[in-house]
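Below you'll find the structure, written out as structure tokens, and then a few comments.
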Amino acid sequence: MARFVTHRKLILATVCWGAVAVLQGPCLDAEEAIPVLTPLDVGARLELAVDPRWITSLDGLRLVQHRPVPREVVLSSPPGVVDPKRRSWESMFGYVSVLKDGDLYRMYYRDARPSSDPDGHEFFCYAESRDAIHWTKPNLKLFAIPGSDDGNAITEENKAEPGDDDPDHLPCISHNMRPFIDLRPGVPKSERYKALAGGFNSSRRPAGFWALASGDGIHWRKLRKEWVIDRSHWPHGSDSTPACTHWSETEAQYVAYIRIRVNPNRPTEGRVGGLRWIGRVTSKDFIHWSRVTPMKPLVTELDPGKISGRKVHFYTNETHPYFRNRQLLIASPVRFFTGTVFSQGDLARMPAEIQNHQREHSVGYSDAVLLTTRPGELSYLQPFAEAYFRPGPNPLHWGNRSSYPYMRFVSTGDAEMSQFARHGRGSYSYVQRYSLRTDGFASVNAPLAGGELLTRPLKFTGNRLVINFSTSGAGSLRVELQDQGGNPLPGYTSDDAVRHVGDAISHTVRWKSGSDVGRFQGRMIRLRIIMHDADLYSFRFAGDVANAE
């Protein structure tokens with residue numbers, strides 16, 4: 001009998017494509033875990049190990065999470081540390097988002113005059129790069145900022161009252177603007193870039209989200225003067241973190257994920273002042289939005305307030321389509337913990353400037369987990385209970401609203417993707433790049449002794465199977481094709497399979513007869529993947545390369 005050999009909390013989606021059931025445990029019988037081998041139409045879509053609903057069983061293998069690797073600091077507040085051209089009013093670098101727009105990377109971030117300035121207010125800024133490492137802040141001269149003759153601000157300071165009648169006036173959007181490139185067919189060039197900005201809760205302004213648009217990603221305007229999402233969409237408040245928005249090709253509508261307040265005992269119910277959670281809203285035209293639907297937690301680790309009995313908030317959500325498969329949404333929500341990790345003795349041993357910073361900002365700390373969802377789903381799948389993003393050894397990373405990994409993952413090379421995170425707060429804040437292998441959120445991992453996985457029945461298009469994999473010199477990976485009943489297909493058995501050794505983001509699987517699997521298009525087949533000291537990150541079916549010899 002096939003068995004799951006898993007990590008401590010492997011979570012496997014088992015029932016159907018649209019409504020996912022989740023079973024968990026250290027070792028589940030295959031018959032118990034997969035009551036119905038529901039076929040999965042993958043077409044030519046990339047399937048990743050981080051979203052393991054395509055797996056029926058793991059025998060001798062495990063699902064492994066990979067954490068991002070810290071790279072360069074790309075923007076910094078401390079004078080002269082990284083950015084000697086830092087302007088005197090730069091002190092925050094909040095709610096960063098990065099767009100890959102052709103060969104140009106665009107970064108948007110919140111900044112502010114120092115908190116010591118009694119007139120200090122927030123504004124959103126813009127930077128750009130050709131390599132995602134070296135960033136320039138263009139002197140846009142769009143909005144005057146006190147104390148500066150130039151600037152890269154793209155909004156006014158966040159100090160005007162809501163309800164401004166001027167649709168070209170951009171006050172009160174400067175706390176949480178989150179731009180995206182609108183991929184809706186037929187979208188006007190003047191609206192190629194869009195964003196929701198604002199926010200609302202039960203006690204403070206602003207009290208809604210505005211719809212913004214831009215033709216160049218720099219000059220922004222309101223699409224209408226009224227809020228498009230307000231308390232009528234969720235009366236319990238949404239606070240003011242960014243709305244993570246995109247055009248869903250699958251659903252033919254805009255989808256936004258926003259922060260809401262919920263009852264910690266029943267997270268699908270709202271509560272004013274409750275725990276921070278994630279809600280979903282949709283729109284056909286970016287103006288008229290549905291009521292908020294709370295996302296459903298599928299496992300204990302996702303239940304608000306249920307992690308080790310501690311009060312835990314999901315402060316941000318960062319849900320967005322993965323750039324190599326827009327039908328897979330990746331989220332890296334920040335978990336906010338109250339309290340502090342430093343004793344007075346710890347603080348006393350730190351440099352004076354860090355002591356002062358920690359005393360001001362150390363009441364609370366954060367990490368982030370990794371979630372996935374699919375278009376139209378109202379729940380998240382959490383493949384790992386453990387944190388995806390840890391603060392690390394720097395004490396500045398263990399402060400209030402520090403260590404925030406932000407959307408989105410962007411390609412920074414054939415084998416690399418990057419995510420950006422803000423560390424510190426106030427006068428010690430900076431933006432750092434982190435990297436991961438392309439598709440490398442997680443992998444199916446095999447020890448040298450070996451193991452195998454079996455997929456659900458798959459329907460595909462294409463004539464070759466392409467994998468993202470890595471082995472040691474002693475390791476290998478082979479693929480057997482089976483019919484829906486689990487019988488090996490002649491010419492594609494494990495004995496016919498070529499032993500693949502190496503490391504590649506895109507590698508075509510072969511058998512003794514070649515790599516052509518086109519004869520099985522439209523039929524249900526299963527993959528039996530046999531691995532030794534190897535990792536499998538993703539797979540897909542693709543069209544011909546030299547007719548898939």
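The values are calculated or read from the model by the stated rules, or taken from the named source; none is laboratory data. Model, not experiment: these values are computed from the prediction. In this analysis, Cβ positions are derived from the backbone assuming ideal geometry, glycine residues included, and neighbour counts consider all displayed protein chains.
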- prompt: What about V498, is it β-branched (V, I, T) and under 19 Å from E47 (Cα atoms)?
  reply: no
message: Just checking, does the range 457-472 include any residue being closer than 23 Å to V64 by Cα, in the same structural domain as L48 (by TED's automatic domain parsing), touching an Asp or Glu at 6+ places or on another chain (Cβ under 7 Å) and among the small types (G, A, S)?
response: yes
task: Could you pull out the residue among G424, G491 that is more than 29 Å from V98 (Cα to Cα) and in contact with a Ser or Thr (Cβ under 7 Å, 6 or more places away or on another chain)?
output: G491
query: Does the range 87-102 contain at least one residue that is over 25 Å from N176 (Cα atoms) and either at pLDDT 90 or above or of a type in the set (G, A, S) (or both)?
result: no
message: Only one of P52, P68 is modelled with pLDDT of 90 or more, within 17 Å of the chain's Cα centre (by Cα) and over 30 Å from V517 (Cβ atoms). Can you tell me which?
response: P68
field: Tabulated pairs, the range 240-254, first part of a strand (DSSP E or B), second loosely packed, with under 14 Cβ neighbours inside 10 Å, C-beta under 6 angstrom, 6+ apart or interchain
entry: W247/L183; Q253/K284
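Which strands (runs of 3 or more DSSP E) sit wholly inside the range 307-380 and have at least 3 residues that are modelled with pLDDT of 75 or more and crowded, with 22+ Cβ neighbours inside 10 Å?
325-331, 365-368, 371-373
What strands (runs of 3 or more DSSP E), lying completely within the range 397-477, carry at least 2 residues that are aliphatic (A, V, I, L, M)?
404-413, 416-423, 430-437, 442-446, 451-455
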message: P206 - would you say it is modelled with pLDDT under 90 and assigned to a strand (DSSP E or B)?
response: no
- line: The residue that is surrounded by the most Cβ atoms within 10 Å (Cβ to Cβ), considering only those in the range 483-502 that are part of a strand (DSSP E or B) and over 34 Å from the mean Cα position of the chain (by Cα), is A497
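Among S476, S443, S435, S472, which is surrounded by fewer than 23 Cβ atoms within 10 Å (Cβ to Cβ), within 22 Å of W54 (Cα to Cα), in contact with a strand residue (DSSP E or B) (Cβ under 7 Å, 6 or more places away or on another chain) and modelled with pLDDT of 95 or more?
Being surrounded by fewer than 23 Cβ atoms within 10 Å (Cβ to Cβ), within 22 Å of W54 (Cα to Cα), in contact with a strand residue (DSSP E or B) (Cβ under 7 Å, 6 or more places away or on another chain) and modelled with pLDDT of 95 or more holds for just one of S476, S443, S435, S472, which is S476.
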query: For T268, all conditions in the list (1) in a strand (DSSP E or B); (2) within 30 Å of L142 (Cβ to Cβ); (3) of a type in the set (S, T, N, Q); (4) modelled with pLDDT under 90 hold save one; what is the number of the exception?
result: (2)
task: Taking A112 as the residue in question, decide whether it is at pLDDT 90 or above, touching a strand residue (DSSP E or B) at 6+ places or on another chain (Cβ under 7 Å) and of a type in the set (A, V, I, L, M, F, W, C).
output: no
- request: Only one of these is touching a residue at least 40 places away in the same chain (Cβ under 8 Å) and either of a type in the set (G, A, S) or farther than 15 Å from F180 by Cβ (or both): R271, R266, R291. Name it.
  value: R291
- prompt: Can you find even one residue in the range 220-236 that is closer than 29 Å to T373 by Cα, within 24 Å of the chain's Cα centre (by Cα) and at pLDDT 95 or above?
  reply: no
- request: With the condition kept exactly as written, say whether any residue in the range 496-503 is in contact (Cβ under 8 Å) with a residue 60 or more places away in the chain and closer than 24 Å to R324 by Cβ.
  value: no
Scan of the range 37-79 for residues that are within 17 Å of T438 (Cβ to Cβ) and in a strand (DSSP E or B), ordered by number: E47, L48, V64, Q65, V69, R71
